[in-house]
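What follows draws every value from the coordinates through simple rules; no lab data is involved. As the structure is a computational prediction, the values presented were derived from the model and not from experiment. Cβ atoms come from the backbone with ideal geometry, glycine included; neighbour counts cover every protein chain shown.
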Amino acid sequence: MDMNEATSKAIAAERSAAHLTIKELAKKANLNERTLIRLLQNERNINVIQLAQLAEVFGVYPHELIEAAERFIERAERGPVSLSVEPDSDDATARDYYAMAAKHGDIEAEQERERRVEETKRILADNPMELAAYTDPDKEKYIEYGNGDDPA
């Protein structure tokens, strides 16, 4: 994907977010409707003046459209992203999931991880037995005698 195609995608995304038809956007940006269509379909290179006119309609700075275009390029170069990694899956731990979330900017997941760490620390300080297996009736034996089979 080249910069012009990516810029076309960024403009199309802004147009969609602004709920503007092509006709409305062309009028507000003082562009010929056919010119705008050709820009959006990447049939024509966009120039700086057109970019500035469109940015003004969207209420953003022209460089913000360029930055959005750069993100489209990065995404295209990165390729597909697998979202199948979950904390409960066999091939990933919760730590892997939260590390991946933090790496990719998932702030909510990172905050949830931090909340769970703090909750675990609190439970450990208040009642370490609460962190042991809840479903094992012999957890007291495990702690006192090791594996629970042979009391010391």
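Descriptive notes on the structure:
- Segment 3-78 - Rg over Rh from alpha carbon coordinates, Kirkwood radius: 0.94
- Between residue 21 and residue 66, the modelled labels are 3.3 nm apart [label points 7 Å from Cα along Cα→Cβ].
- 3J(HN,Hα) along segment 69-79, derived from phi through the Karplus expression 6.51 cos²θ - 1.76 cosθ + 1.60 where θ = phi - 60°, amounts to 4, 4, 5, 4, 5, 4, 5, 5, 6, 5, x Hz, with x in place of Gly and Pro.
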